[in-house]
Amino acid sequence: MAERVTFASSTGPQLAGIIDEPQGEVRGWGLFVHGFTLGKDSPAAARICKQLAAEGIGMLRYDNLGLGDSEGDWGDGSFTVKVADTVLAAELMATRGTPVALVAGHSWGGAAAIAAAPEIPDARAVVTACAPFDPSHAEHHYDDLVDQVLQSGNAVWQVGGKRLNLKRGMVEDVRAADLAHRIPELGLPLLVMHSPTDNTVGIDNASEIFRAARHPRSFVSLEGSDHLLTKPGQAQRAARIISAWAEAYLTRG
C-alpha cells in the first residue's frame, strides 16, 4: 500500500511524494532521497523503499523540483535546496505522526541525506548508497555546458530523456557544496554502501566518506551492482542490508 502526498518546497512549488506503508509489524519510518536527475520512481528509490516497507519500515520518497510529479523548474534547485526540501519532507512525516528515524539516499541524494540528517530532530541513522564524497562531482555530467551557463545564465541539458534547464545559480551552489566538514560532525550512525564496479561514482568516494565519518560507522560492498542499482535484485538486496543494519536505531510503533 502507498499513500500519495504533497508538500511545499523551500522555494515554493509543490513537491509530490509517495509513502510506502509498512507491512506487518511497524518497525519504524524513514525518508529516501533520490539522485541528481532521477526521481521517486527510479529503480533505486522505488525498489529500496518498497522492500523496506515489506520489512516493516515505512518510507517516504519524493520528487525534487521539476522532476516526476513535482512542480517547479529543476534549474531552480541546488544542493542547498535539496537539503532544505529533505528537511521539509521529514517535517511532513512528523506532522502525520510517523517521525523519520532513518534517512537514506542514493547517489547525489546520499550526499544530501548526510547534510540534512542533523536538521531532522527524530533522525537516528543515515544510509548512503553509491554517494559522492564531493557533491560537485555532479558537474562531470554537464561539464560541456558549464561555460555557457556561467556566461549566459542558463542552458538546456538533455539527460535521460529529459530536457532540464541548467542555471547559473545551481552550478555555483553545487560547486560550493561541501561534505568534508559535515561528515565528521554528523553525530549519527552511518552506513556507507557502494559497488566496487560503479563506473559513475567510483568506490573511492565511499572510502573518503567512511574515513571522514566517526563511529558508529559501517561499510557494505554492493558487489556486482551498477550505479543505478537497475539489475534484478540489486536494490532489494541493498534494502535488506539496510533493514538489518538499522534495527538497533529504529523507533518501534
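The values are calculated or read from the model by the stated rules, or taken from the named source; none is laboratory data. Computed from a predicted model, the values in this text were never measured in an experiment. Cβ placement follows ideal geometry from the backbone for every residue including glycine, while neighbour counts extend to all protein chains displayed. Quick note on the areas: whole protein, heavy atoms, side chains included, nothing else; ligands and nucleic acids left out. Shrake-Rupley method; radii C 1.70, N 1.55, O 1.52, S 1.80 Å.
For the stretch 88-114, which positions are buried (at least 23 other Cβ atoms within 10 Å of the Cβ) and assigned to a helix (DSSP H, G or I)? Residues satisfying the conditions are Ala89, Ala90, Met93, Trp108, Gly109, Gly110, Ala111, Ala112, Ala113, Ile114. Considering only residues that are touching a Ser or Thr at 6+ places or on another chain (Cβ under 8 Å) and not charged (D, E, K, R), look in the stretch 66-86 and name the one that is nearest to Pro43 (Cα to Cα). Step by step, filter the stretch 66-86, then rank; the result is Leu67. In the stretch 77-100, the residues that are more than 9 Å from Ala116 (Cβ to Cβ) and among the aromatic types (Phe, Trp, Tyr) reach residues that are open to solvent by 10 Å² or more (accessible area, probe 1.4 Å) and in a loop (DSSP other than H, G, I, E, B) with C-beta atoms within less than 6 angstrom, at least six apart or across chains, in these pairs: Phe79/Ala177.
Annotation note: of Gly35, Gly39, the sole residue that is surrounded by 20 or more Cβ atoms within 10 Å (Cβ to Cβ) and free of Cβ contacts under 8 Å to residues at least 40 places away in the same chain is Gly39. For the stretch 211-253, give me the residue count where each residue is over 17 Å from the mean Cα position of the chain (by Cα) and of a type in the set (Gly, Ala, Ser). Within the stretch 211-253, residues that are over 17 Å from the mean Cα position of the chain (by Cα) and of a type in the set (Gly, Ala, Ser) number 10. Within the stretch 120-135, restricting attention to residues that are under 11 Å from the mean Cα position of the chain (by Cα) and in a strand (DSSP E or B), which residue is nearest to Val201 (Cα to Cα)? If we take residues in the stretch 120-135 being under 11 Å from the mean Cα position of the chain (by Cα) and in a strand (DSSP E or B), then Ala129 is nearest to Val201 (Cα to Cα).
Of these, Ala138, Ala117, Ala53, which one is under 25 Å from Leu222 (Cα atoms), open to solvent by less than 10 Å² (accessible area, probe 1.4 Å), at pLDDT below 95 and not in a strand (DSSP E or B)? Step by step, each of Ala138, Ala117, Ala53 is checked, and only Ala138 is under 25 Å from Leu222 (Cα atoms), open to solvent by less than 10 Å² (accessible area, probe 1.4 Å), at pLDDT below 95 and not in a strand (DSSP E or B).
Would you check which residues across the stretch 219-253 are touching a helix residue (DSSP H, G or I) at 6+ places or on another chain (Cβ under 8 Å), of a type in the set (Ser, Thr, Tyr) and crowded, with 16+ Cβ neighbours inside 10 Å and list them? Correct list: Ser225, Ser243. Of all residues in the stretch 176-194, none satisfies the criterion of being surrounded by fewer than 13 Cβ atoms within 10 Å (Cβ to Cβ) and touching a strand residue (DSSP E or B) at 6+ places or on another chain (Cβ under 6 Å).
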